[in-house]
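Peer 1: Take a look at this one; I'll ask things after.
Every number here is computed from the coordinates shown, using simple stated rules; none is lab data. In this text the structure is predicted, and so the values were computed from the model without any measurement. Note that each Cβ is placed from the backbone with ideal geometry, even for glycine, and that neighbours are counted across all protein chains shown.
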Ligand code: ATP
Ligand code: MG
């Protein structure tokens, strides 16, 4: 078995890094996601490199070859090489000496199989020689990859006890690459240890959840997590039919050729409740941007406004997400098309215009401006002369109501 040839293997930046790390003529090896993805025929995103050289030696060699070396994870033995603007993570072979479910203490090693053994799934523990493209498979990763089976290396329960994040990784990798049922032993172990997820940092959990929700179709995996109590410790608020909610959203995304978005998908599985969403976002330490988006989506869910009205109120992207969450079939198509290349307009009337029309500066100006805006939005953003007509009408009303003492 060989890694299929691909242009990235001949990238001069990559070749320079490989050359700098040769030991007795032997190049370092490509490992993990890059090997797996290349074998599956999908685009390789990041290239991780494994080497028996210790990190100091890696740094020394890179610098001697005039390649920038950044000690990104020196405790774990990772040095990032930056060559011609491209980055490569270079990790020294290692073994875990002790683990507590949250972090591992590691020791450097020189044995490839030992390094493979501390990785999570067999499909993530494949190595490749970057020059001969020979594959090294110590735990039947190739067979699992062909079967689209996500299986732990060794005993699932023990591997999850070492690192609880692997529970979430199981569902993510199954959602991404798996076919058929989730490995029964792995699922049972995940379910047994689910409550331990609470001990992990919120950021790590949220990051995994974001990655899970970003895969093409996470719906069945999310439902399986729900059915096996995986969310109970960190997202008990998740709706009971999350799998269906996601499946429906994904169908609409696919039908309208709109890229997945973790935020939109998260919104689909959270209760429609702004206060509740605020609470979840702060507990899960979500970014401010994501929190604001989720709250705005929750605030406008189920509203009958048009996509343009929504876009005016909360921006085009949130409006598009809401349309996908709330509308189906014809309405979905129509509403999406209506904002597709639509520039959100600005109210063509300003406070100064109202003063020029006879209103006295003060609260009445802001109030009237709001009334004008409401009417203008309700009439679907008419241009002149209608905007001025609305303004004149509202100013007249304000004056009549004696709002201009
Ligand atoms: P992705 O495309 O999602 O980045 P990846 O396989 O590169 O997939 P990473 O999370 O980037 O996944 O990790 C790189 C490699 O490190 C994995 O392929 C796996 O071998 C190993 N690894 C990562 N996290 C763990 C973990 N929690 N336990 C054991 N091994 C892990
Ligand atoms: Mg990766």
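Peer 1: Just grab the label-to-label distance for residue 240 and residue 26, each label 7 Å out from Cα along the Cβ direction, in nm (one decimal).
Peer 2: Output for this residue pair reads 5.8 nm.
Peer 1: Using the Cα gyration tensor of segment 186-290, with a ≥ b ≥ c the square roots of its eigenvalues, what is the shape: rounded (a/c below 1.5), prolate (a/b larger than b/c) or oblate (neither)?
Peer 2: Oblate.
Peer 1: Label point 7 Å out from residue 181 along Cα-to-Cβ: which residues of segment 139-170 have amide N under 18 Å?
Peer 2: Counting backbone N atoms under 18 Å from the label point, the list is 147-152, 156-157.
Peer 1: For a quick protection proxy, order the peptides 78-86, 280-288 by their average other-Cβ count within 10 Å, most packed first.
Peer 2: The packing order, highest mean first, is 78-86, 280-288.
Peer 1: Given points 7 Å out from each Cα along the Cα-Cβ axis, report the residue 86 to residue 198 separation in nanometres with one decimal.
Peer 2: Calculated label separation equals 4.7 nm.
Peer 1: I need the calculated FRET efficiency for the pair residue 56 and residue 328, taking r as the beta carbon distance and R₀ as 41 Å, to the nearest 0.05.
Peer 2: Using R0 = 41 Å, I get an efficiency of 0.10.
Peer 1: Once you keep just the Cα pairs under 8 angstrom separated by 6 or more residues, what percentage relative contact order results for segment 351-400?
Peer 2: Once normalised by length, the contact order is 45 percent.
Peer 1: How much length, in nm to one decimal, is gained on full extension between residue 48 and residue 304, taken as 0.36 nm per residue of separation minus their Cα-Cα distance?
Peer 2: Taking residue 48 through residue 304 to full extension adds about 87.3 nm, to one decimal.
Peer 1: Starting from 0.36 nm per residue, how many nanometres of slack lie between residue 76 and residue 272 once their C-alpha separation is accounted for?
Peer 2: 66.4 nm
Peer 1: With just the Cα atoms defining each centre, how far is segment 346-405 from segment 319-336? Give it in Å.
Peer 2: For segment 346-405 versus segment 319-336, the Cα centre distance is 32 Å.
Peer 1: I need to check one value: relative contact order of the chain, counting alpha carbon pairs closer than 8 Å and at least 6 residues apart, in percent.
Peer 2: 9
Peer 1: If you stretched the chain out fully between residue 19 and residue 346, how much longer would it get, using 0.36 nm times the residue separation minus the C-alpha to C-alpha distance?
Peer 2: 111.9 nm
Peer 1: Another question, if that's okay. Hey, can you rank 54-63, 3-12 by average C-beta count inside 10 Å, highest first?
Peer 2: So the peptides 54-63, 3-12, ranked by packing, come out 54-63, 3-12.
Peer 1: Another one. Indicate, rounded to the nearest 5 percent, the antiparallel portion of the DSSP beta bridges found entirely in the chain.
Peer 2: Once the DSSP bridges in the chain are tallied, antiparallel ones form about 85 percent.
Peer 1: Using only the alpha-carbon atoms of the chain as identical scatterers, what base-10 log of I(q)/I(0) does the Debye formula give at q = 0.08, 0.10, 0.13 Å⁻¹?
Peer 2: -0.59, -0.81, -1.12
Peer 1: Here is a follow-up. So how far apart, in nm, are the two label points at residue 370 and residue 384 if each is 7 Å from Cα heading toward Cβ?
Peer 2: The two pseudo-label positions are separated by 2.8 nm.
Peer 1: Compute the Cα gyration tensor for segment 89-163, then decide on rounded, prolate or oblate, letting a ≥ b ≥ c be the square roots of its eigenvalues: rounded whenever a/c is under 1.5, prolate when a/b is larger than b/c in the other cases, and oblate in all that remain.
Peer 2: oblate
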